[in-house]
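Visitor: Handing you a structure now.
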Amino acid sequence: MHKPRIFSVSNQKGGVGKTTTTINLATALAAVNKKVLVVDLDPQGNATVSVGSRRRQGSQNSYTLLMGKDLIQTAAVETEIPNLYILPASQELLGVDIELAEMEKPQFYLKKALSNLDNFDYVFIDCPPAVGLLTMNALVASDYVIIPVQCEYLALEGVADLMKTIDRVKRNFNPNLTLHGIVLTMFDGRSNLSKSIVADVKEYFKDSVYDTLIPRNVRIPEAPSHGKPVMIYDVKSVGAKSYIRLAAEVLNREKELLKNG
Ligand SMILES: Nc1ncnc2c1ncn2[C@@H]1O[C@H](COP(=O)(O)OP(=O)(O)O)[C@@H](O)[C@H]1O
Ligand SMILES: [Mg+2]
């Protein structure tokens, strides 16, 4: 019996690699015998589909879990990947901000729902591209945040807002919340823009930026249509290899943080 380490993967911008990072980190850790749960908090359900599952309505999904209509022990669904479980998204998540806003302490529903989870090693929460109450719930429930930043023009747009939200959550709701790291995604080694963005982000966020750069790789967008993370779809691809390297870095950094904290 032990509590899992809980990670939110968050950035209010869409299309920056949140879902890809979530499912591939989760799969890499599952492959080294960690028991891992992915919580899909994005109504679009991309993480759900990308691990070969499907969105659900009525029960066994992240909406019914949030609303206290399901228990995590029975709602999490096994995937075809050994040790990897998914709490599927539901379209019902679309109205959840309004619904939660009317409740008492609306930021704490996910934390409560995950509080007696004691048979997993890691939880990765795939956040929607917005800093509404769903993302708040994710941050309040988490030990760590990972922020994917795409190596494109306006890469840092929105990240300042997210950092402010993280600070606010730390002050008011969850003092333990820690920025685990910034992962630079869709890096293109031939593009000067990509390189200058890496330099800018490193200058701004310093050691918080993981050493591992995730390059652009065509196998990554191919993988979800096969219902598989790229690591299973094509383990030899540079995309898979870079996520395996990132997973090792995440584990190492976690050890460092635990030692220092
Ligand atoms: N390293 C990469 N190389 C190429 N395509 C990528 C890479 N990372 C993500 N993608 C693709 O970019 C799109 C957005 O990525 P996704 O992880 O869904 O972002 P988000 O969850 O932030 O919206 C998806 O089609 C995904 O397959
Ligand atoms: Mg996504």
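Visitor: With (1) surrounded by fewer than 22 Cβ atoms within 10 Å (Cβ to Cβ); (2) assigned to a loop (DSSP other than H, G, I, E, B); (3) touching a strand residue (DSSP E or B) at 6+ places or on another chain (Cβ under 9 Å) as the list, and Leu162 as the residue in question, which single condition is left unmet?
Guide: Failed condition: (2).
Visitor: If you don't mind, another one. The conditions are (1) modelled with pLDDT of 95 or more; (2) away from ligand 1 (no atom under 16 Å from the Cβ); (3) hydrophobic (A, V, I, L, M, F, W, C), and Ala89 fails exactly one of them. Which is it?
Guide: All conditions pass for Ala89, except number (2).
Visitor: Those residues that are more than 13 Å from Leu41 (Cα to Cα) and part of a helix (DSSP H, G or I), I need them from segment 63-77; list them, please.
Guide: Within segment 63-77, Ile72, Gln73, Thr74, Ala75 qualify.
Visitor: Can you pull out the residues in segment 1-48 that are within 10 Å of ligand 2 (Cβ to nearest atom), part of a helix (DSSP H, G or I) and surrounded by fewer than 21 Cβ atoms within 10 Å (Cβ to Cβ)?
Guide: Asn46
Visitor: Out of (1) out of contact with any Gly (no Cβ under 7 Å at 6 or more places or on another chain); (2) more than 16 Å from ligand 1 (Cβ to nearest atom); (3) on the phi < 0 side of the Ramachandran plot, the odd one out for Gly58 is which?
Guide: Status for Gly58: all satisfied but (3).
Visitor: Looking at (1) away from ligand 2 (no atom under 16 Å from the Cβ); (2) within 24 Å of Pro129 (Cα to Cα); (3) hydrophobic (A, V, I, L, M, F, W, C), which is the one condition that is false for Ile86?
Guide: All conditions are met except number (1).
Visitor: Would a scan of segment 244-257 turn up a residue that is more than 16 Å from the chain's Cα centre (by Cα), buried (at least 21 other Cβ atoms within 10 Å of the Cβ) and within 26 Å of Val49 (Cβ to Cβ)?
Guide: no
Visitor: Let me ask something additional. Looking at Gly181, Gly227, which one is touching a residue at least 12 places away in the same chain (Cβ under 8 Å), in contact with a strand residue (DSSP E or B) (Cβ under 7 Å, 6 or more places away or on another chain) and not acidic (Asp, Glu)?
Guide: After ruling out the rest, the residue left standing is Gly181.
Visitor: Continuing with this model, one more query. Name the single residue that is farthest from ligand 1 (Cβ to nearest atom) among those in segment 130-143 being assigned to a loop (DSSP other than H, G, I, E, B) and at pLDDT 95 or above. Steps first, please.
Guide: Quick first cut of segment 130-143, residues assigned to a loop (DSSP other than H, G, I, E, B) only: 130-132, 142-143.
Going one step further and asking which of them are at pLDDT 95 or above, we end up with 142-143.
Working: Ser142: 17, Asp143: 21 Å.
Top of the filtered list is Asp143.
Visitor: Of the residues Arg190, Arg171, which is without any contact (Cβ under 8 Å) to a residue 12 or more places away in the chain and part of a helix (DSSP H, G or I)?
Guide: Only one candidate qualifies: Arg171.
The values are calculated or read from the model by the stated rules, or taken from the named source; none is laboratory data. This is a predicted model, so every value here is computed, not measured. Because the Cβ atoms are built from the backbone with ideal geometry, glycine has one as well, and the counts that use them run over all protein chains shown.
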